[in-house]
Amino acid sequence: MSTYKNKVYLASPFFSDGQRERIEQVISLLKQNDTIDSDQIFNPQEHQFESEPFGSFKWQDAVFASDMRQVHKADVVVAILDYQLEDGLTEPDSGTVFEIGSAHEANIPVIMVQFGEKSQLNLMLARSYTAFFNGREDIQNLKNYNFNNLEQKYTEKKVL
């Protein structure tokens, strides 16, 4: 019996070395998961429409449209909440939060990942996830999580 392989949209900031390192760790774990199609992990940092000048209207429009199409094509959104972890700040990236909201509104399951264990969680994020992987050790469980069954996995983070 073959296992369905899910398509993933990876929502995450990718502006610093630390952010890109966390993305690579999560992608590596997802690729080890039997319920993920390792060829169908959409990483937005790899689709930035370099043919248009960065920040131009056409660039903005193309990146936004592509990202939103890919969110809606995905079976699941995996969202890395750590934005400025190296600076001790715990607020998630606003683009990542927007993608989470778009996925939730489209009934696409959201799996949240946070390397920084001591942060609090906004109520809107706390009510919009299917599973939450908290801390470097727990994140290792992404490789064994069943993305077909999508069992609810809670976090004990304080909600505000």
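The values are calculated or read from the model by the stated rules, or taken from the named source; none is laboratory data. These numbers come from a predicted model, not from an experiment. Note that each Cβ is placed from the backbone with ideal geometry, even for glycine, and that neighbours are counted across all protein chains shown.
What the table below lists for this structure:
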quantity	calculated
Members of the stretch 9-58 found to be surrounded by 14 or more Cβ atoms within 10 Å (Cβ to Cβ), of a type in the set (Phe, Trp, Tyr) and at pLDDT below 95, listed by number	Phe14, Phe49
The one condition in (1) acidic (Asp, Glu); (2) under 16 Å from Pro13 (Cβ atoms); (3) surrounded by 18 or more Cβ atoms within 10 Å (Cβ to Cβ) that Glu86 fails to fulfil	(3)
Inter-residue pairs, beta-carbon under 7 Å, first farther than 17 Å from His47 by Cα and touching a residue at least 60 places away in the same chain (Cβ under 8 Å) and in the stretch 11-35, second part of a helix (DSSP H, G or I) and among the hydroxyl-bearing types (Ser, Thr, Tyr), 6+ apart	none
Residue tally, condition acidic (Asp, Glu) and within 12 Å of the chain's Cα centre (by Cα), over the stretch 85-106	2
Residues being in contact with a Leu (Cβ under 8 Å, 6 or more places away or on another chain) and farther than 18 Å from Pro13 by Cα - total across the stretch 32-53	3
Filtered residue count, the stretch 36-73, keeping only those that are more than 21 Å from Asp138 (Cα to Cα) and either touching a residue at least 24 places away in the same chain (Cβ under 8 Å) or among the small types (Gly, Ala, Ser) (or both)	18
Selected residue (only one of Leu142, Leu150 is in contact with a strand residue (DSSP E or B) (Cβ under 8 Å, 6 or more places away or on another chain) and either surrounded by fewer than 18 Cβ atoms within 10 Å (Cβ to Cβ) or on the phi > 0 side of the Ramachandran plot (or both))	Leu150
Set Leu29, Leu10: member being in a helix (DSSP H, G or I) and closer than 23 Å to Asn146 by Cβ	Leu29
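Each row is one residue, and each column tells you yes or no for (1) acidic (Asp, Glu); (2) closer than 26 Å to Gly18 by Cβ.
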| site | (1), (2) |
| --- | --- |
| Gln48 | no, yes |
| Asp67 | yes, yes |
| Gln70 | no, yes |
| Thr96 | no, yes |
| Glu105 | yes, no |
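Conditions tested, residue by residue: (1) at pLDDT 95 or above; (2) farther than 19 Å from Ile27 by Cα; (3) assigned to a loop (DSSP other than H, G, I, E, B); (4) charged (D, E, K, R).
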{"position": "Phe64", "(1), (2), (3), (4)": "yes, yes, no, no"}
{"position": "Asp82", "(1), (2), (3), (4)": "no, no, yes, yes"}
{"position": "Leu89", "(1), (2), (3), (4)": "no, yes, yes, no"}
{"position": "Val113", "(1), (2), (3), (4)": "yes, no, no, no"}
{"position": "Glu151", "(1), (2), (3), (4)": "yes, yes, yes, yes"}
